[in-house]
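Trainee: Okay, here's the structure, questions in a sec.
The values are calculated or read from the model by the stated rules, or taken from the named source; none is laboratory data. The shown structure was predicted, so the numbers you read here are calculated from the model rather than taken from an experiment. Quick reminder, even Gly has a Cβ in these numbers, built from the backbone with ideal geometry, and neighbours come from all protein chains shown.
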Amino acid sequence: MAQSHTDTSSDVVWQDYAVSVSDRAVLLRQQPVVLWFTGLSGAGKTTVANCLSRQLHEAGFQTYVLDGDNLRHGLNGDLGFNAAARHENVRRLAEVAGLMYDAGLITLAACISPFQADRDFARSRIPGGKFVEVFVDSPLALCESRDQKGLYRRARAGEIPDFTGIDSPYERPETPEIRIDTSAQSPTQCADAIMAYLRGRDLLRWPARA
């Protein structure tokens, strides 16, 4: 039987790198940050993340959007949608986000990530203050009305089991750094609000060389 990801061999040693996170941050002239967008399917996570990424890019920052659906075409293509698979999906996404943080990027991870424990794990992979949880809040009815793929309709018909918001729970973040309401704000307005938060937290400044 293959070992689970929680198994650690005594033969595996953590390797240090010659170039540090701070070295890469200085070269890129930006602070690495992970913005974690969570919310129901159809809430607007990827739309807002893309809008924000464009704003950051135009302001001269190096960004990358990690979309949960896109990762299921490759890295997470072997996973289903039951609770165990959802946990593993978020775990892998969190590890990739951590690597991108180490690379000095501003990373925007958009994933339903319905369980608080999994979002807490993602936060634990990033140094304190550099993980920003963005709760993309939208009423379920509005999310269903935006569903061009018919996923909610199929879930209500019993064709898609364990669908978040229908027969699988979504645990609303209790203390996210940012809450945006996509039923009342446009994607641009949401991105503007996040940009204002990042500037207010001094997360968009160029770091000084150590």
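Trainee: In segment 148-180, which residues are part of a loop (DSSP other than H, G, I, E, B), basic (Lys, Arg) and at pLDDT 90 or above?
Mentor: Result: 172, single match.
Trainee: Which one is nearest to residue 43 (Cα to Cα) among residues in segment 164-210 that are polar (S, T, N, Q) and surrounded by fewer than 17 Cβ atoms within 10 Å (Cβ to Cβ)?
Mentor: The residue in question is 183.
Trainee: Within segment 55-109, work out how many residues are over 30 Å from residue 167 (Cβ atoms), part of a helix (DSSP H, G or I) and touching a Lys or Arg at 6+ places or on another chain (Cβ under 6 Å).
Mentor: Going through segment 55-109 one residue at a time, the tally reaches 1.
Trainee: Tell me yes or no: at least one residue of segment 121-141 is farther than 29 Å from residue 23 by Cβ, modelled with pLDDT of 95 or more and among the charged types (D, E, K, R).
Mentor: yes
Trainee: Scan segment 1-24 and report the pairs whose first residue is more than 17 Å from residue 88 (Cβ to Cβ) and whose second residue is at pLDDT below 80 and loosely packed, with under 10 Cβ neighbours inside 10 Å, with Cβ atoms within less than 9 Å and a gap of 6+ or a chain change.
Mentor: Close Cβ pairs satisfying both conditions: 9/3; 20/210; 22/209; 22/210; 23/209; 23/210.
Trainee: Could you tell me which residue of segment 104-163 is surrounded by the most Cβ atoms within 10 Å (Cβ to Cβ), considering only residues that are polar (S, T, N, Q) and over 12 Å from the mean Cα position of the chain (by Cα)?
Mentor: Restricting attention to segment 104-163, the residues satisfying the condition of being polar (S, T, N, Q) are 107, 113, 116, 124, 138, 145, 148.
When the remaining residues are screened for being over 12 Å from the mean Cα position of the chain (by Cα), the result is 116, 124, 138, 145, 148.
Working: 116: 13, 124: 11, 138: 19, 145: 11, 148: 7.
Per the criteria, the residue is 138.
Trainee: Then there's this: I need the full set of residues from segment 110-147 which are assigned to a loop (DSSP other than H, G, I, E, B) and over 18 Å from residue 49 (Cβ atoms), in order please.
Mentor: Listed by number, the residues that qualify are 115, 125, 127, 128, 129, 139, 147.
Trainee: Okay, next question. Using beta carbons and a limit of 6 Å, which pairs, at least six apart or on different chains, have the first residue in segment 96-115 and touching a residue at least 60 places away in the same chain (Cβ under 8 Å) and on the phi > 0 side of the Ramachandran plot and the second one in a helix (DSSP H, G or I) and among the small types (Gly, Ala, Ser)?
Mentor: 104/25
Trainee: Taking segment 181-200 as the search range and keeping residues that are part of a loop (DSSP other than H, G, I, E, B) and free of Cβ contacts under 8 Å to residues at least 40 places away in the same chain, which one is farthest from the chain's Cα centre (by Cα)?
Mentor: Ranking the qualifying residues of segment 181-200, first place goes to 184.
Trainee: Restrict the check to segment 44-57 and report whether at least one residue is touching a helix residue (DSSP H, G or I) at 6+ places or on another chain (Cβ under 9 Å), among the hydrophobic types (A, V, I, L, M, F, W, C) and farther than 24 Å from residue 95 by Cβ.
Mentor: Yes; the residues of segment 44-57 include at least one that is touching a helix residue (DSSP H, G or I) at 6+ places or on another chain (Cβ under 9 Å), among the hydrophobic types (A, V, I, L, M, F, W, C) and farther than 24 Å from residue 95 by Cβ.
Trainee: Tell me whether segment 68-89 contains one or more residues that are under 19 Å from residue 135 (Cα atoms) and in contact with a Phe, Trp or Tyr (Cβ under 8 Å, 6 or more places away or on another chain).
Mentor: Yes: segment 68-89 contains one or more residues that are under 19 Å from residue 135 (Cα atoms) and in contact with a Phe, Trp or Tyr (Cβ under 8 Å, 6 or more places away or on another chain).
Trainee: Could you list all residues from segment 41-61 that are among the hydrophobic types (A, V, I, L, M, F, W, C) and buried (at least 23 other Cβ atoms within 10 Å of the Cβ)?
Mentor: 43, 48, 49, 52
Trainee: Please indicate, with yes or no, whether at least one residue in segment 158-169 is closer than 21 Å to residue 31 by Cβ, touching a helix residue (DSSP H, G or I) at 6+ places or on another chain (Cβ under 6 Å) and among the hydrophobic types (A, V, I, L, M, F, W, C).
Mentor: No: zero hits.
Trainee: Tell me, please, whether a residue that is assigned to a helix (DSSP H, G or I), among the basic types (Lys, Arg) and modelled with pLDDT under 95 can be found in segment 24-35.
Mentor: Step one: filter segment 24-35 for residues assigned to a helix (DSSP H, G or I), giving 24-28.
In the following step, the residues that additionally are among the basic types (Lys, Arg) were identified as 24.
Among the residues that remain, those that are also modelled with pLDDT under 95 are: 24.
Yes, because at least one residue in segment 24-35 is assigned to a helix (DSSP H, G or I), among the basic types (Lys, Arg) and modelled with pLDDT under 95.
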